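What follows is calculated from the coordinates using simple rules that are stated; it is not laboratory data. The model shown is predicted, which means the values in this text are computed figures rather than measured ones. Note that we place each Cβ from the backbone using ideal geometry, even for glycine, and neighbour counts take in every protein chain shown.
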Amino acid sequence: MSQVAKRDLRIDLLRIFSMLFIIMHHCIINDFGLQTMLKENTLTRFGNLLIIMNSIVIVGVNLFFLMSGYCKIHLKPQTVLLLIIKVYLISTLIQLTGLLSGHIPFDSDWIKNTLNPFDYYWFLGAYILLMFTSPLLNLIIDNISLSMFKSYVIGFFLIICIYGFTIDGSLHLSYGYSYLMAVALYILGNGIRKFQNEWTLLLYNRKFYILTWFTVILLNSLLIKLLYKSGNGLRAWTFYAYNNPCVAIASITLLLFAIRSNNNIKINWFLRNLPQSTIITYLIHSTCWLTIFRQSFIMWQINHYGILFTLCMLPLFAFCIYLLATFINIIYEKILGNFFRRILRN
């Protein structure tokens, strides 16, 4: 979705992991019920494992916006229009199928979600807006110095991750589920690319970044558990906010770990196709009525093999969803994608 002069397979691989993390996050909080458990103080005996797993995968969305900034979005009207067409066609097909099969009613919500899928899928709406503003954001980063970027990083943590997370009286960050958070992460990722060989903080070895990531994951999990034990499960749930300092640091350190890794990765079918299917993967697995199939399969696994086995199989399950979406995306691009590209060229 973002383009660079030379393809960075490390980022492609990280993009695959970020999408797997997003799928697993939705499974953990909805299908395994972690969100309800925390809010209602009804954590089960596997609750601690769920807390740690979700602390690991919660970084998926942040990683996506950081990588978009790192690679830079090069705005092309045709690319934006093709993306909007894809979202409308796939989401409308999902909504119509749900209506005709009796899974969702015909009401004002159905009409609203069909006419405006970018509000229904906040992540996609934020990304489209980010695409439109990317030329200005790129220009800003191209013209700032290292000292200015350091000031931005400090401001990011003070305003977005501390004030925005603890108070948020005027920023309306919605715990990071917002366009403003996407912009903040995009600038951060863009700046990391520009100054990755100049700022000492960006030059440590991979062990430092993975150790930092591991530390903040454990810290966030511990804070959530302590809040839950004190009877404040509702507040504990908010520690999965995208602008929680621990979540932000975990996201950044994973990006830094990736770019400090060797780029001698061989291109293969998965690296060519999986990163291109982000939109369809998000559309079919996240908030639409199709989630009943995801939930039903997980419940079937739990009933037959137990929750521990099902949790262990979750990465494979997420990969299967991703793979299914990738095949759908390939078919879409070969038929409808090429069709609309020819129309726009003429």
For region 307-317, Karplus couplings with θ = phi - 60° (6.51, -1.76, 1.60), whole Hz, Gly/Pro x: 6, 5, 4, 5, 5, 5, 8, 4, x, 5, 4
Dipole in debye (nearest 20) - region 139-291, about Cα centre, beta carbon charges: Lys, Arg +1; Asp, Glu -1: 460
Karplus-derived 3J(HN,Hα), 6.51/-1.76/1.60, for each residue of region 326-338, Hz, glycine and proline x: 5, 5, 4, 5, 4, 4, 4, 5, 5, 9, 6, x, 5
Extension gain (nm, one decimal) between residue 331 and residue 174, 0.36 nm per residue minus Cα-Cα: 52.9 nm
Separation of alpha-carbon centers, region 168-205 and region 112-127, rounded to whole Å: 23
17 Å cut-off, amide nitrogen to a point 7 angstrom out along residue 299 Cα→Cβ, residues in region 21-62: 27-37
Distance in nm between pseudo-label sites at residue 159 and residue 262 (7 Å out along the Cβ direction from Cα): 4.2
Whole-Å distance, taken between Cα centres, linking region 255-282 and region 40-91: 15
Within a Gaussian network of the chain (alpha carbon springs, distance under 10 Å), most fluctuating of 178, 18, 68: 178
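Given +1 on the Cβ of Lys and Arg, -1 on the Cβ of Asp and Glu, and no further charges, what dipole in debye does the chain carry about its Cα centre, rounded to the nearest 20? Walk me through the numbers on the way to the answer.
Details: 26 positive and 11 negative charges, 199 e Å.
Result for the chain is approximately 960 debye, rounded to the nearest 20.
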Lys/Arg +1, Asp/Glu -1 at C-beta; the chain dipole; positive extreme among 87, 42, 195: 195
Most fluctuating residue given options 146, 314, 188, as computed from a GNM of the chain linking Cα atoms under 10 Å: 146
Hypothetical label at residue 45: residues of region 292-324 whose amide nitrogen lies under 16 Å (7 Å Cα-Cβ projection): 303, 305-311
Charge dipole (debye, nearest 20) of region 218-346; +1 at Cβ of Lys and Arg, -1 at Cβ of Asp and Glu: 300
Residue among 121, 16, 56 farthest towards the positive dipole end of the chain, charges placed on Cβ: 16
Packing-based ranking, highest mean first, of 328-336, 216-224 given that Cβ atoms within 10 Å are counted: 216-224, 328-336
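Taking a 19 Å limit on the Cα-Cα distance, which of the listed pairs 39/229; 39/225; 86/266; 86/334; 72/194 fall beyond it?
Details: 39/229 12 Å; 39/225 12 Å; 86/266 30 Å; 86/334 13 Å; 72/194 11 Å.
Cα-Cα > 19 Å for 86/266; rest within.
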